[in-house]
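Just below is one structure, and these are the notes that go with it.
The values are calculated or read from the model by the stated rules, or taken from the named source; none is laboratory data. The structure displayed is predicted, hence computed values, not measured ones. As a convention, Cβ positions derive from the backbone with ideal geometry for all residues, glycine included, and neighbour counts pool all protein chains shown. The area values use the complete protein model at the heavy-atom level, side chains included, leaving out ligands, DNA and RNA. Shrake-Rupley method; radii C 1.70, N 1.55, O 1.52, S 1.80 Å.
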Amino acid sequence: RVTVVDPSPNALFALERRAAEAGVAERVRGVQGDVHGLFDVVERGGYDAVLCHGVLEYVEDPAAGLRNVVDALRPAGTLSLLAAGLGGAVLARALAGHFTEARQALTDPAGRWGEGDPVPHRFTAETLSELIGEAGLEVGAIHGVRVFADLVPGVLVDTEPGAMEALLRLEAAVAELPAFHSVATQLHVLAERG
């Protein structure tokens, strides 16, 4: 059984439609809410696994949001967390010739490159690990996601035979290597209670 919490009624409508099309509507429940009001819509300590993907970077208080997510887990539960990586943003801004913005992201406590930055918070593997530890979980694995994919011009992938498959193999090869976590666009962390 899967419970999806989303603030968007449109996203929940699409979820309902896709679940029905896949024949799993009786196992999937969508509820409108967000991470800060999580226990207004779901039970505390009721889930074997929580996927918190693309959420933490957008909440006002990431530490408080993460504590709520962890509190939704059962005692032996697992957290899958995917969040925006700081290094990937710095690298992307620099490669685009926006050196001042790259430096701003590097030095800003939230990892923002300027007023026009649509992402309120970015993280390093270390800051995510620290937040997860403070919330009461132990990090099991960290993966870099989209290490190269966001940097490679689409024309190279679209016109070169086999390029997409080769890029995916390269991404898989570097995902677990700590040296590449610092330049990943996103970081994926798996964590469990001790």
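What 222 nm value per residue comes from the helices of the chain, counting each DSSP H run with n ≥ 4 as -39,500 (n - 2.57) and dividing by all residues, nearest 500 deg cm²/dmol?
That comes out to -11000 deg cm²/dmol.
What is the range 50-124's relative contact order, in percent, from Cα pairs under 8 angstrom and six or more apart in sequence?
That works out to 31 percent.
For the range 1-98, with equal point scatterers placed on the C-alpha atoms only and solvent neglected, what are the log10 I(q)/I(0) values from the Debye formula at q = 0.18, 0.22 1/Å, to two decimals?
Listed by q, the Debye log ratios stand at -0.89, -1.15.
Computing the accessible area with a 1.4 Å probe over protein heavy atoms, can you report the carbon and sulfur percentage for the chain?
Working: 6210 of 11070 Å².
Using a 1.4 Å probe with all protein chains present, the chain comes out at 56 percent carbon and sulfur.
DSSP loop (so not H, G, I, E, B), at most 15 other Cβ within 10 Å: list which GluC sites (Glu not before Pro) in the range 86-179 pass both filters.
In loop regions of the range 86-179 (DSSP not H, G, I, E or B), the sparsely surrounded GluC sites (Glu not before Pro) are 115, 176.
With an 8 Å cut-off on Cα pairs and a minimum separation of 6 or more residues, tell me the relative contact order of the chain in percent.
That works out to 22 percent.
For the range 139-181, list log₁₀ I(q)/I(0) at each q in 0.17 Å⁻¹, using the Debye formula over Cα point scatterers of equal strength and ignoring solvent, two decimals each.
-0.48
Can you tell me what the convex hull of the Cα atoms of the range 115-194 projects to on average, as an area in nm²?
Numbers: hull surface 27.0 nm².
That works out to 6.8 nm², a quarter of the Cα hull's surface.
Would you please report the Å³ per residue occupied by the convex hull of the alpha carbon atoms in the chain?
Cα-based convex hull of the chain, divided per residue, equals 149 Å³.
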